[in-house]
Amino acid sequence: MLEIKNLQAAVDGKQILKGVNLTINAGEVHAIMGPNGSGKSTLSYVLSGRDGYEITEGDILYKGESIVEQSPDERAASGMFLAFQYPLEIPGVPTMTFLRTALNAQRRARGEKELDAVKFLKLVRGKAKELQIKEEMLKRPLNVGFSGGEKKRNEVLQMSLFEPTLAILDETDSGLDIDALKIVSDGVNMLRSPERAMLVITHYQRLLDYIVPDQVHVLADGQIVRSGGKELAKELEDSGYGAIVPNAA
């Protein structure tokens with residue numbers, strides 16, 4: 001599904017990623033952990049095609065094709081989804097309007113028929129109920145005045161609607177209390193599928209108690225320095241990054 005080859009990337013001329021190699025197959029969930037400043041969020045932004053993140057060497061293969069020249073819109077239309085650490089607020093745009101516009105834009109790009117208002121409303125209500133999202137929240141401006149848990153539930157709702165084949169979750173557990181964490185994690189787990197791959201980026205092992213990964217990778221100073229099974233996350237929780245990464249924050 002995803003193959004990253006010697007990926008190197010810079011921001012404002014500063015090299016952040018220094019040779020990342022990673023393969024994620026369909027049906028797998030991989031976790032990226034690492035200390036502050038290791039390049040975790042940079043990796044997610046580079047994968048999604050965000051402006052300002054320059055690939056200086058290497059390649060990203062998605063479904064067997066290089067995507068380094070593709071725009072963020074093209075990557076999204078092909079089935080890639082990024083859940084942000086800090087979801088953006090868009091005053092004046094109702095959440096329901098945003099969701100329908102974004103979903104139909106993707107359907108058009110894929111040559112699929114757009115959903116009319118009735119079909120879309122039925123779909124989004126069903127998905128929202130699963131995530132304990134009240135319809136009143138869908139009428140409010142996107143993420144404006146939302147709590148941390150509401151913002152993250154809204155991100156998972158978007159993912160559920162868009163049905164990506166590759167989901168990248170950038171510190172989805174950030175700012176969540178234990179109840180919100182469980183709701184969000186349950187929503188993510190409902191989307192696990194043999195046809196879908198997931199990359200979960202997190203600081204803490206607690207998220208991985210709920211979203212259990214197939215593989216865990218430690219990113220430090222722009223490179224993956226260690227990989228292992230789900231037990232590696234527990235090891236990091238017990239011993240900290242210092243046992244693996246010298247001078248880890």
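Values in this text are rule-based calculations from the coordinates and carry no lab data. It should be emphasised that the depicted structure is a prediction, and the values quoted were computed from it without experimental measurement. Counting neighbours? That spans all protein chains shown, and the Cβs are built from the backbone with ideal geometry, glycine included.
Take every DSSP beta bridge with both residues inside segment 2-243 and express the antiparallel ones as a percent of the total, to the nearest 5. Numbers along the way, then the final one.
Values: 25 of 42 bridges.
In segment 2-243, approximately 60 percent of DSSP beta bridges are antiparallel ones.
Contact order normalised by length for segment 2-243, with contacts defined as Cα pairs under 8 Å and 6 or more residues apart; what percent is it?
29
Mind telling me which of Leu61, Leu123, Leu103 comes out most flexible in a GNM of the chain, alpha-carbon contacts under 10 Å?
Among Leu61, Leu123, Leu103, the largest mean-square fluctuation in the Gaussian network model of the chain belongs to Leu123.
For the chain, what size does the Cα cloud have along each of its three principal axes, sorted from largest down, in whole Å?
Principal axes ranked by extent give 55, 39, 35 Å for the Cα atoms.
In deg cm²/dmol and to the nearest 500, what is the mean residue ellipticity at 222 nm of the chain if only DSSP H runs of at least 4 residues count, each as -39500 (n - 2.57), divided by the residue total?
Values: 9 runs with 91 residues, N = 249.
Result for the chain, helices only: -11000 deg cm²/dmol.
For His203, His217, what's the fewest-to-most ordering of other Cβ within 10 Å of each Cβ?
Numbers: His203 17, His217 22.
Starting with the residue having the fewest Cβ neighbours, the order is His203, His217.
Only Cα pairs under 8 Å and at least 6 apart count here; give the relative contact order of segment 51-146 as a rounded whole percent. It would help to have the intermediate numbers written out before the result.
Values: 58 pairs, mean separation 34.5, N = 96.
It rounds to 36 percent for segment 51-146.
In what sequence do Thr56, Thr202 fall when counting other Cβ within 10 Å, fewest first?
Numbers: Thr56 12, Thr202 24.
Fewest-to-most ranking of Thr56, Thr202: Thr56, Thr202.
Using Cβ contacts closer than 10 Å as the measure, can you line up Thr101, Thr23, Thr165 from fewest to most? Each step should come with its number before you reach the end.
Numbers: Thr101 11, Thr23 14, Thr165 17.
Ascending Cβ contact count within 10 Å gives the list Thr101, Thr23, Thr165.
Test of understanding: what is the full-extension gain from Arg226 to Ala26, defined as 0.36 nm times their sequence separation minus their Cα-Cα distance? If you can, show how the numbers build up before the last one.
On the way: separation 200, 0.36 × 200 = 72.00 nm, distance 2.16 nm.
My answer for the length gained is 69.8 nm.
Of Ala76, Ala10, Ala233, whose Cα points farthest to the positive end of the dipole of segment 2-243 (charges on the beta-carbon: +1 Lys, Arg; -1 Asp, Glu; origin at the Cα centre)?
Ala76
Which lysines, on any chain, are close to Lys122 with Cα under 23 Å apart, when same-chain ones fewer than 8 places away are left out?
Hits, sequence-local ones excluded: Lys113, Lys134, Lys139, Lys151, Lys152.
Enter the Cα centre distance for the pair segment 204-247 and segment 1-56, rounded to the nearest angstrom.
That distance is 16 Å.
Suppose each label sits 7 Å from its Cα in the direction of the beta carbon; what would the Asn6-Lys63 distance come out to in nanometres?
My value for the distance between the label points is 2.7 nm.
With angles folded into 0 to 90 degrees, how steeply does helix 178-190 sit against the dominant principal axis of the chain? Use alpha carbons for both and round to 10.
Roughly 80 degrees, rounded to the nearest 10.
If you fit an axis through the alpha-carbon atoms of helix 117-130 and take the longest principal axis of the Cα set of the chain, what angle between them do you get, 0 to 90°, nearest 10?
Roughly 50 degrees between the two axes.
So which residue, out of Val188, Val46, Val93, gets the largest mean-square fluctuation from a GNM of the chain using Cα contacts under 10 Å as springs?
Judging by the Gaussian network model, the answer is Val93.
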